[in-house]
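Please see the structure below; I have some questions.
All of the numbers you see were taken from the coordinates with simple rules; none came from a lab. Since we're looking at a predicted model, the values are computed, not measured. Cβ placement follows ideal geometry from the backbone for every residue including glycine, while neighbour counts extend to all protein chains displayed.
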Number of protein chains: 4
Amino acid sequence: MEWVKDVKANLNKIGFIGLGNMGRPMAENVLAKGHNLVVYDVQQEAVDSLRELGATVSQSPQDVAAQVDCIITMLPNNACVLEVYEGENGILKSGKKGSLLIDSSTVDPHVSKTVAAIAEAQGHVFVDAPVSGGVNAARLSQLTFMVGGPSEVFPAVQDLLFTMGARVVHCGPVGSGQAVKICNNMLLGISMIGTSEAMNLGIRLGIDPKVLLTIINSSSGRCWSSEVYCPVPGAMDNVPSSNDYKGGFQTKLMAKDLGLANDAATRTATPTPLGSLAYQLYSNMVNSGFADKDFSSVYQFFLRRGSMQGSNP
Amino acid sequence: MEWVKDVKANLNKIGFIGLGNMGRPMAENVLAKGHNLVVYDVQQEAVDSLRELGATVSQSPQDVAAQVDCIITMLPNNACVLEVYEGENGILKSGKKGSLLIDSSTVDPHVSKTVAAIAEAQGHVFVDAPVSGGVNAARLSQLTFMVGGPSEVFPAVQDLLFTMGARVVHCGPVGSGQAVKICNNMLLGISMIGTSEAMNLGIRLGIDPKVLLTIINSSSGRCWSSEVYCPVPGAMDNVPSSNDYKGGFQTKLMAKDLGLANDAATRTATPTPLGSLAYQLYSNMVNSGFADKDFSSVYQFFLRRGSMQGSNP
Amino acid sequence: MEWVKDVKANLNKIGFIGLGNMGRPMAENVLAKGHNLVVYDVQQEAVDSLRELGATVSQSPQDVAAQVDCIITMLPNNACVLEVYEGENGILKSGKKGSLLIDSSTVDPHVSKTVAAIAEAQGHVFVDAPVSGGVNAARLSQLTFMVGGPSEVFPAVQDLLFTMGARVVHCGPVGSGQAVKICNNMLLGISMIGTSEAMNLGIRLGIDPKVLLTIINSSSGRCWSSEVYCPVPGAMDNVPSSNDYKGGFQTKLMAKDLGLANDAATRTATPTPLGSLAYQLYSNMVNSGFADKDFSSVYQFFLRRGSMQGSNP
Amino acid sequence: MEWVKDVKANLNKIGFIGLGNMGRPMAENVLAKGHNLVVYDVQQEAVDSLRELGATVSQSPQDVAAQVDCIITMLPNNACVLEVYEGENGILKSGKKGSLLIDSSTVDPHVSKTVAAIAEAQGHVFVDAPVSGGVNAARLSQLTFMVGGPSEVFPAVQDLLFTMGARVVHCGPVGSGQAVKICNNMLLGISMIGTSEAMNLGIRLGIDPKVLLTIINSSSGRCWSSEVYCPVPGAMDNVPSSNDYKGGFQTKLMAKDLGLANDAATRTATPTPLGSLAYQLYSNMVNSGFADKDFSSVYQFFLRRGSMQGSNP
């Protein structure tokens, strides 16, 4: 792949599409590291803000694609990714060849592969690079990127993504970044619910929560949720559960990731009984007023919520 | 509790009831540390073996209780514990007072509390002290004991249990040892199933299992099962999954512990949707030929088992 | 069993213990059919009300047992049944022999068998006879009784229960009434949730609920819930869903019955994955403000409850 | 829609694509009712068989479309439907306008809507009409058709489908036939599993299965599975459970339909906890050797399968 050399040469002018809660601070960090930036978003305010910081504003994804050889996209869902890449004024309508396209959205691995195939047919390289870490990590350039794509372009991708993150991992061919992310997050969702059930059961059986947590964390029950993100208020400092479940990773985002895992499991006929029930529980929480709280609030979801008793639910 | 002093004085003569797979090596270790031992079991062979090592053999639990001031019991289930303590020739029929009774069986915390209340009414102290670690840990005196009982007797209990274990943790009042154990093991069962689902899904999505495991273990999906006990054959050395799921912690024992957690959750009206489904899955495995395999074989349970296709299941 | 003749002879004087929401109208109907009645309850008001209607008031279950040869009990849970029969002033402390004891409480079949064994040892016959049908059916003598006990006494039991019900079914030996009831109600809970899921999914896919219901009811998806008790408001007249889920069979009672089924399944190592999840869902509803609503409100539980969005759950 | 008149005029020459287990007897019935038939399938044997009965054989879906104004398709899955309609030699490549296209495959409602939109843009009417009933019903013209499409064409569709079925139901706009079918079958899968759990639990609690079934069927637990398709061998005559689970509706087909319901629920964010677990259980059965057995064999799946005990699963 001779082409990789060209890509490297052009990394000083970058396109960035999708300037939402995550995309905006990410774009700001790319700009702050000295790259020229051409941006696009449907929200005028976000666009204006980047313009003030020195970015060039563009009128469509197609228009961005015409001006740069490397584009980063950060979009909310499957439909937006398909629209921005394959839509009427999409990136792949620019008529250009040989661009490096990096999608940091969290979407179905199947969508990544579909877009990649069309992009490849036009001579582009498409890479999926979903992130782990929330808005704060985005602001502080502390994101983790899980990258799926040809290993030949990984060094260039890594150089660029380090402007926004602290860790860039190559997971395999295109779609692998998404696959690894949804597998990890499915396991995270399951073990967070499990930790909440185990802590709640222990407390109702009369065990002191801090004693229980200490023993679990030196035993076979330990997991990330029990070790650094305990869902029981007051058991640990500086975690969302001790701040009314504010901040952190929102329940609605966990529900979205579990939905993607559910889709992938159905498509590949993979049994995921706990992952599937975890999806149902987080969906139920979204329907029950927990959408914007941190996902560790599943502990609270399991408590008897007395104030609602008797009220019209 | 003046009584504690007396207990300490008498620890050189110990009763041991229940000489099964776990109880026998435990009793041997107590003997090896220089204590006199009075034993009882329904299996003649186990009893004979301990006699040859120097133990005194007794004819019933009541008979053991008449000869010693401190008894350890290691029994398979609720019914056996109730029989050995409260039955016709049970420990509590001896007419003695002031004994230290340590039950290392894994049973319902409710059973521990019930027996403790009757024992206390007779002037005894009853302590629950279920273990974590299997037959090998029992042989090597490497068990962990989770102790529930009055803190006044804990030092004496600890001294004695260190003859059989490497770690003795005080969890709270009587029943707490059982409660902590079932909470930990419920979370363990959930995260083992979750790890198996996530690894299987990733593999079917085309990810290399070792790559996936490495990323999960440096991310929020990590848990004890993913870090030191990976259920995917070949992904890790020296674990049951790489030895045809032999050794380790049997599926039927995990099913038993999850059943105890399920009972405790129902009795205390605690929601445990994943714990409850984990119990169903492990019960199903017991019914499907996995009873004696290590509990990480749930990974194998999720694979398409082609050789059975078409056979009469 | 010669004894049955004696039982028949004494049915004109009946003891009744437990005068709650169900027991009180049941006792009134026994009285209204011309039987003499000796009653006991811890609630003074209920007792006074029966006295005004002509019943004799007694001071304890033991006291009731001393005055009659046939007793009906209608109590809220396992613990109350054990207390009323085996407690200090319990029925089985009267020193009498040869009474017919009919327990209409819904409890664990294991409790029924335990009490029956002790009763039998004293020369009594104990029969479990839980009911189906709510407070209205109790008032109108329209209850269904599911009876477990020796077939020799069934004719006498039937005669008596027909004073309170429209249908009396013999299910097998003692405990069978309870077993049949929890099996039926477990299946009812499962199919009500299933109906709610199917109707909700169809509606969200754009199908008219009445069209969907009509097709299901002439197809293989039909069940009691879809045919006569549709959970979707407005799809059917004269059902709780069309009356804000008032009346009917309360969610907390369904949760109780599913808990009994869950206990029985765990004790007998019977796989019940859907029954177990149904129990979790109804428990969650009890915790979420639905305790007193009809159990068909699970349909509402699945809807996005917008008014709670953003409020502190 | 003036066009409907034309459609009616052309019903004596029909295209039929997809001559598998279901499609072949369906096509034979259309032929037997006096319609001319133009057929296509990738399997030569099926095609030859129809030719011998008088059908004209065609070389591709596009070729069929060129010769007739009305086509019926009966295909195994989403991908085949997309290929046959939108593929390179697909129906929609014929350049014709104004055909009536009836798809009797069971697929995602979303697929039906997608194909319908493209068909409509070319002046065709596309109708989804999945069937209920198996191979025997297909042979005997006893199928039920659930039709989604414009009401203007329903009379013509109905006339044609009555050549193959006994019942034709209009469910709403295009996609509604699929939606109704997956909702009905999801509820069917749930209540079959529920019936199996309830019967198994009752039997293990000592109840006679026929007594239990009789009571459930006159109570609130009753459903189609308990009334006419009991999964317990010997409890009912002439059902698959009494014939070693041969015939009937295969487990793999139930798993497929539950997968479609699962997809639709995820896409519409509809909570389906039991439907989702039912899908997991039927998928697990497919992986465990039950794929070709009737779906009521879930009862057998729940039994302890002793012969496998100890064997390498």
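Principal axis lengths of the stretch A:5-82 from Cα atoms, whole Å, largest first?
32, 28, 20
To continue, here is another question. Can you give the local net charge around B:ILE14? Use residues other than it whose beta-carbon is closer than 11 angstrom to its beta-carbon, Lys and Arg +1, Asp and Glu -1. The partial results should precede the final answer.
Details: positive: B:LYS13, B:LYS33; negative: B:ASP69.
Overall, the nearby charge balance is +1.
While we're on this one: Over every pair of different alpha-carbon atoms in the stretch B:40-193, take the mean of 1/r and invert it; report that Kirkwood radius in Å. Mind dumping the intermediate values first?
Values: mean 1/r = 0.0628 Å⁻¹.
Answer for the stretch B:40-193: a Kirkwood hydrodynamic radius of 15.9 Å.
Continuing with this model, one more query. Please name which of C:SER226, C:PRO273, C:ASN287 has its Cα lying farthest along the dipole of the stretch C:179-302 towards the positive end, using unit charges on Cβ (Lys, Arg +1; Asp, Glu -1) and the Cα centre as origin.
Of the listed residues, the answer is C:PRO273.
Hey, for D:GLU52 with labels 7 Å out along Cα-Cβ, what do the inter-copy distances come to in nm, ordered shortest first?
Its label point is 7.7, 8.2, 8.7 nm from the equivalent points in the other copies.
Along each principal axis of its Cα atoms, how long is the stretch B:145-261 end to end? Whole angstroms, biggest number first, please.
57, 29, 25
Next question, about the same structure. Can you check what the net charge comes to around A:ALA117, using other residues whose Cβ is under 15 Å from the Cβ of A:ALA117 (Lys, Arg +1; Asp, Glu -1)?
Details: positive: A:LYS113; negative: A:GLU86, A:ASP103, A:ASP108, A:GLU120, A:ASP128.
Local charge sum for A:ALA117: -4.
Can you pick out the pairs among A:LYS93/D:LYS96; B:LYS93/C:LYS93; C:LYS113/C:LYS252; C:LYS293/D:LYS256 whose Cα atoms lie more than 28 Å from each other?
Values: A:LYS93/D:LYS96 30 Å; B:LYS93/C:LYS93 24 Å; C:LYS113/C:LYS252 25 Å; C:LYS293/D:LYS256 36 Å.
The pairs that break the limit, which is 28 Å between Cα atoms, are A:LYS93/D:LYS96; C:LYS293/D:LYS256.
Here's a follow-up. Lysines near B:LYS210 by alpha-carbon distance under 18 Å, same-chain residues fewer than 8 away left out - which ones?
Reachable lysines: A:LYS181.
Taking the Cα of D:ASP237, stepping 7 Å toward and past its beta carbon, and measuring to each backbone N in the stretch D:122-147: which are under 20 Å?
Within reach of a label on D:ASP237: no residues.
Taking the rotation axis that maps chain B onto chain C, which residue of B brings its Cβ closest to that axis, and at what distance in whole Å?
Residue plus distance in Å, as requested: B:SER276, 2.
If the only charges are +1 at each Lys and Arg Cβ and -1 at each Asp and Glu Cβ, what is the size of the charge dipole of chain B around the Cα centre, to the nearest 20 debye? Please list the in-between numbers first.
Numbers: 23 positive and 27 negative charges, 125 e Å.
For this selection, approximately 600 debye.
Given a 10 angstrom Cα cut-off, can you work out which residue in B:LEU253, B:LEU37, B:LEU303 is the most mobile in a GNM of chain B?
Looking only at B:LEU253, B:LEU37, B:LEU303, the biggest GNM fluctuation is shown by B:LEU303.
Next question. Please work out the C-alpha center-to-center distance from the stretch A:59-105 to the stretch A:152-166 and express it in whole Å.
Using only Cα atoms, the two centres lie 19 Å from each other.
Could I ask something else about it? Once the label point is set 7 Å along the Cα-to-beta-carbon vector, what list of distances in nm do you get between B:PRO155 and its counterparts in the other copies?
Ordered by distance, the counterparts are at 6.7, 7.4, 9.8 nm.
Still on this structure, I have one more. Taking loop as defined by DSSP and a crowding limit of 13 other beta carbons within 10 Å, which trypsin sites (Lys or Arg not before Pro) in the stretch B:1-90 fit?
Working: sites: B:LYS5, B:LYS8, B:LYS13, B:LYS33, B:ARG51; in loops: B:LYS33.
Here the sparse-neighbourhood loop sites are B:LYS33.
Could you line up D:SER196, A:SER296, B:SER241 from fewest to most neighbouring Cβ atoms inside 10 Å? Kindly include the intermediate steps, with their values, before the conclusion.
Details: D:SER196 29, A:SER296 26, B:SER241 22.
Ordered by Cβ neighbours within 10 Å, fewest first: B:SER241, A:SER296, D:SER196.
Separate question: Which cysteines does chain C leave without a neighbouring Cys Cβ under 4.7 Å?
C:CYS70, C:CYS80, C:CYS171, C:CYS183, C:CYS230
Compute the FRET efficiency between D:LEU140 and B:GLU152 as 1/(1 + (r/R0)^6), taking r as their Cβ-Cβ distance and R0 = 56 Å, and round to the nearest 0.05. Please report the intermediate quantities before stating the final value.
Numbers: r = 81 Å, r/R0 = 1.44.
Step by step, r from the Cβ atoms, then E = 0.10.
If you restrict to DSSP beta bridges whose two residues both lie in the stretch A:3-173, what percentage is antiparallel, to the nearest 5? Write down the numbers at each step before the final one.
Numbers: 3 of 27 bridges.
Just about 10 percent of them are antiparallel.
HN-Hα J couplings of the stretch A:29-39 from phi, Karplus 6.51/-1.76/1.60, θ = phi - 60°, integer Hz, Gly and Pro as x?
For the stretch A:29-39, the Karplus curve yields 5, 4, 4, 5, 7, x, 7, 6, 10, 10, 10 Hz.
Which value, in debye to the nearest 20, gives the size of the charge dipole of the protein assembly as shown about its Cα centre, when Lys and Arg are +1 and Asp and Glu are -1 at the Cβ? Before the final figure, lay out the partial values.
On the way: 92 positive and 108 negative charges, 1 e Å.
Here the size comes out at about 0 debye.
Right, here's the next one. Under the rule of at least 5 residues apart or a separate chain, name every residue whose amide H is placed under 5 Å from the amide H of C:CYS70.
Placed amide hydrogens put C:GLY15, C:LEU100 under 5 Å from C:CYS70.
Give a residue-ordered list of calculated ³J(HN,Hα) values for the stretch B:217-232 (Karplus: 6.51 cos²θ - 1.76 cosθ + 1.60, θ = phi - 60°; whole Hz; x for Gly, Pro).
After applying 6.51 cos²θ - 1.76 cosθ + 1.60, I find 6, 10, 10, 6, x, 5, 8, 3, 4, 6, 7, 10, 8, 4, x, 8 Hz.
Can you check what the net charge comes to around A:ALA166, using other residues whose Cβ is under 15 Å from the Cβ of A:ALA166 (Lys, Arg +1; Asp, Glu -1)? Intermediate results must be reported in sequence, preceding the final value.
On the way: positive: A:LYS33, A:ARG139, A:ARG167; negative: A:ASP159.
Here the count lands on +2.
Within chain D, what's the longest stretch lacking GluC sites (Glu not before Pro) that sit in DSSP loops with no more than 10 other Cβ atoms inside 10 Å?
Working: sites that count: D:GLU2, D:GLU88.
Formally, the longest exposed-site-free interval is D:89-313.
Which of C:PHE145, B:PHE249 has the fewest other C-beta atoms within 10 Å, and how do the rest follow up to the most?
Fewest-to-most ranking of C:PHE145, B:PHE249: B:PHE249, C:PHE145.
May I pose another question? May I ask what percent, to the nearest 5, of DSSP beta bridges between residues of the stretch D:92-229 are antiparallel? Could you put the intermediate results ahead of the total?
Working: 3 of 13 bridges.
If I count the DSSP bridges inside the stretch D:92-229, around 25 percent turn out antiparallel.
Return C:MET186, D:MET22 ranked ascending by Cβ neighbour count within 10 Å, so the fewest neighbours appear first.
Details: C:MET186 30, D:MET22 24.
Fewest-to-most Cβ neighbours within 10 Å comes out as D:MET22, C:MET186.
List the lysines whose Cα lies under 17 Å from the Cα of C:LYS97, skipping any in the same chain that are fewer than 8 positions away.
Of all the lysines, those that pass the test against C:LYS97 - Cα under 17 Å, at least 8 places apart if same chain - are C:LYS5, C:LYS8, C:LYS13.
So, one more: For D:LEU82 and D:LYS246, what does the FRET efficiency come to when R0 = 35 Å and r is the distance between their Cβ atoms, rounded to the nearest 0.05? All intermediate terms of the calculation are to be shown ahead of the outcome.
Working: r = 33 Å, r/R0 = 0.95.
So, using R0 = 35 Å, E works out to roughly 0.55.
Could you derive backbone 3J(HN,Hα) for the stretch C:143-155 from the dihedral phi with the Karplus parameters 6.51, -1.76 and 1.60 (θ = phi - 60°), listing whole Hz in sequence and x where the residue is Gly or Pro?
These are the phi-based 3J(HN,Hα) values: 5, 9, 10, 9, 9, x, x, x, 5, 4, 8, 4, x Hz.
Compute the normalised compactness of the stretch C:242-283: alpha-carbon radius of gyration over 2.2 N^0.38 Å, N being the residue count.
Values: Rg = 12.2 Å, N = 42, 2.2 N^0.38 = 9.1 Å.
For the stretch C:242-283, the normalised Cα radius of gyration is 1.34.
In nm, one decimal, shortest first: how far is the label point of A:GLY234 (7 Å from Cα along Cα to beta carbon) from the matching points in the other copies?
Output for A:GLY234: 4.6, 5.1, 5.8 nm, nearest copy listed first.
How big is the convex hull of the Cα atoms of the protein assembly as shown, per residue, in Å³?
Expressed per residue, the convex hull around the Cα atoms of the protein assembly as shown is 196 Å³.
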